[in-house]
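Have a look at the structure below before the remarks.
Since every read-out is calculated from the coordinates, none of them should be taken as a lab result. Quick caveat, the model's predicted, so the values are computed rather than measured.
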Amino acid sequence: MNKRLEELKLLATYDSSFDGGPHYEVDADTLVQLVIQECTLIIAEAVKQREPASTYVSKIKQHFGVEK
């Protein structure tokens, strides 16, 4: 996982403890929303720069450090 995904994961993490000790969990819905927001920003910038749609997938993969 690259640095940006780790940052988004931290933004989606909350303390779910109720017995005094810390217990951290990732809110999947929040994480998905954050990733989608990042993707839409990448696409919006590519559109603004008039880049071909064929570059969107590679830009998103590169942004998140996805190899496949």
Tell me, what ³J(HN,Hα) does each residue in region 15-20 have, in order and in whole Hz, if you take phi through Karplus 6.51 cos²θ - 1.76 cosθ + 1.60 with θ = phi - 60° and put x for Gly and Pro? 8, 9, 6, 9, 10, x
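Two decimals is fine: what's Rg over Rh for region 3-64, C-alpha atoms, Kirkwood radius as Rh? Show your work: numbers first, answer last.
On the way: Rg = 15.8 Å, Rh = 13.3 Å.
Expressed as Rg/Rh, it is 1.19.
Nearest 500 deg cm²/dmol is fine: what mean residue ellipticity at 222 nm does the chain get from its DSSP H runs of n ≥ 4 alone, each adding -39,500 (n - 2.57), divided by its residue count?
Values: 3 runs with 39 residues, N = 68.
It lands at -18000 deg cm²/dmol.
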